[in-house]
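Following: one structure in structure tokens, then a few remarks.
The values are calculated or read from the model by the stated rules, or taken from the named source; none is laboratory data. Remember, it's a predicted structure, so these values are computed and weren't measured experimentally. Please note: Cβ atoms are built from the backbone with ideal geometry, for glycine as well, and neighbour counts cover all protein chains shown. Just so you know, the surface numbers come from the protein's heavy atoms only, side chains and all, with ligands and any DNA or RNA stripped out. Shrake-Rupley method; radii C 1.70, N 1.55, O 1.52, S 1.80 Å.
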Amino acid sequence: MQIVLLTALGVGGASVLGALLGFVFKKISHRFSDMVLAFAAGVMLCAAVVGLILPSLDNGGRMPLLVTAAGIMLGALCVNVMDKLVPHLHRLSGADQESHPDNTEKLNKVLLFVMAIAIHNLPEGIAAGVGFGTGNNAEALTIAGGIALQNIPEGMVIIAPMLAAGMSHRRTFLVALLTGVVEVLGTLLGYFAVSLSAAVLPFALAFAGGTMLYVISDEMIPETHAHGSERGATYALLAGFCLMLCMDYFLG
């Protein structure tokens, strides 16, 4: 349990670290943002497939394909429902900010954008926690490490919009901290879910993988291809995927 708690704090702390870097590098170009976000998407993609979905197949019992496919689809559906039920904003470009001179309106829009980050941090945290259910702590730590790695650039990109909307440095940091807390809670939730019964492990692994695949396809890839950096973003995604693959190979 201690290693799970430390992992949860590490995964959530990576978002806070990214936020602190965001204060240092306040002006981040779209190209750089797209590169780091695409790299993070590659890390998440490999973690979802290699660290969650394939182990789900290995532990799926008599009907591994059915359990895994059902878990993936229901995981994606769950995030889709959250997207629809919780008010938030999918993208926040510099042009969007400039088109609303009213600081109150801009701030509301930024907070909706941060809400989107928080929504997606929950399933990422669950994925980190569920990984410990396999009993392979090295592999679970690799998954959590990959998620933490992609949390750093994600934490960076939410700072500049909040500061530009007129939010104080202190409040900006507190909001960024809350997104990390969501991830900590998600990690603990995922761990306790699979600890209750080993029978739910294959489904839980696939479910977590499905939530991550949905976020990658619906949010991260479209965002990285929206500002003219498609080619670079594609190679950054592949680099992130290969790095996570190497981590899994040597550490898993």
Selection count, segment 165-179, where residues are assigned to a helix (DSSP H, G or I) and open to solvent by 60 Å² or more (accessible area, probe 1.4 Å): 7
Residue satisfying all of: in segment 72-84; crowded, with 17+ Cβ neighbours inside 10 Å and modelled with pLDDT of 90 or more; farthest from Ala118 (Cα to Cα) among these: Ile72
Residue list for segment 132-147, filter: part of a helix (DSSP H, G or I) and either without any contact (Cβ under 8 Å) to a residue 24 or more places away in the chain or touching a Gly at 6+ places or on another chain (Cβ under 6 Å) (or both): Ala138, Glu139, Ala140, Thr142, Ile143
Residue list for segment 164-179, filter: within 16 Å of Val16 (Cα to Cα) and either at pLDDT below 85 or of a type in the set (Val, Ile, Thr) (or both): Thr172, Val175, Thr179
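Name the residue, out of Pro123, Pro87, that is under 24 Å from Thr172 (Cα atoms), surrounded by fewer than 16 Cβ atoms within 10 Å (Cβ to Cβ) and either at pLDDT 85 or above or not β-branched (Val, Ile, Thr) (or both).
Working: Pro123 fails: surrounded by fewer than 16 Cβ atoms within 10 Å (Cβ to Cβ).
After ruling out the rest, the residue left standing is Pro87.
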Enumerated helices (runs of 4 or more DSSP H) restricted to segment 1-80, each holding at least 1 residues that are β-branched (Val, Ile, Thr): 2-24, 30-46
Test: Val50 is within 20 Å of the chain's Cα centre (by Cα), modelled with pLDDT under 90 and not small (Gly, Ala, Ser): no
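For every residue, the table says whether it meets (1) open to solvent by 50 Å² or more (accessible area, probe 1.4 Å); (2) at pLDDT below 85.
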| position | (1), (2) |
| --- | --- |
| Val157 | no, yes |
| Pro161 | no, yes |
| Val181 | yes, no |
| Thr187 | no, no |
| Ala199 | yes, yes |
| Gly209 | no, no |
| Ala226 | yes, no |
| Gly232 | no, no |
| Leu238 | yes, no |
